[in-house]
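Quick note: the coordinates plus some simple rules give every number you see, no bench work behind them. What you see is a predicted model, and the numbers here were worked out from it, not measured in a lab. Every residue, glycine among them, receives a Cβ derived from its backbone with ideal geometry; neighbour counts consider all protein chains shown.
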């Protein structure tokens, strides 16, 4: 009840409580039910994410939503390229390397997934097979491709990153699962050709989404987050 009282301390705490719950509940879903999301629900997610802040209100994101047969045609093409070991044409440079704590976090995340799926440590063939599931969209019935305007450069991509986060939170609030996928951007040339995008469009990432299969082992673990002492420096003097 107190959340309905405007300009109250109780209202503020309730509102941030909702946001905190969504952030804590959200995770990268790697197995989905074969159940399509109604168009009106997808549009609700998109309208909400459209309120994302951007540099000079440029709103650089454009989004392609592939579903049904369109999704399947895209899946077949990008999976075929990836399974042949082709495609490394990112529009935005990927991390040069992971070192120190960043490498530790990456390894821990990977091991959590492999342990959940029963993949033995060091089984590179199984690792590669699981990585290819990115190009099956982990079974999601829908995949979004987020792309930006080339001349806006890295700041256009940063704005798109904020959009992706809000898209995922809006989807979570409406009972959907999501997984952001930089792996798809590894095939930017194919994506431009497949969807007929102009040369000045830059592929940021994909988002596979739908209803999560909560019973699947791939969805049975959760990643941790660093504490504030590891990420924040307060300066007051």
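For the reader, a short list of remarks on this structure follows.
- Taking a ≥ b ≥ c as the square roots of the eigenvalues of the Cα gyration tensor, an a/c ratio of 1.5 or more together with a/b no larger than b/c marks the stretch 30-166 as oblate.
- The packing ranking of peptides 67-73, 177-183, highest mean first, is 177-183, 67-73, where packing means the average number of other beta carbon atoms within 10 angstrom of each residue.
- Protection proxy ranking for 12-25, 145-158, 209-222, 76-89, using the average of other Cβ atoms within 10 Å per residue and placing the highest first: 145-158, 209-222, 76-89, 12-25.
- Taking the average, over residues, of other Cβ atoms within 10 Å as the packing measure, peptides 164-173, 92-101, 29-38 rank 164-173, 29-38, 92-101 from highest down.
- Cα centroid of the stretch 171-227 to Cα centroid of the stretch 23-45, whole Å: 11
- The stretch 145-169 versus the stretch 67-133: alpha-carbon centroid distance in Å: 21
- Between the entries (1) 0.98; (2) 0.95; (3) 1.26, the label attached to Rg/Rh (Cα atoms, Kirkwood Rh) calculated for this structure is (1).
- Working note: Cα gyration tensor of the stretch 122-237, eigenvalues times five, square-rooted, sorted largest first, giving semi-axes of 25, 24, 16 Å.
- Extension gain, residue 34 to residue 16: 0.36 nm times the residue separation minus the Cα-Cα distance gives 3.2 nm.
- Theoretical ellipticity at 222 nm over the chain - DSSP helices of four or more residues, -39500 (n - 2.57) apiece, nearest 500: -13500 deg cm²/dmol
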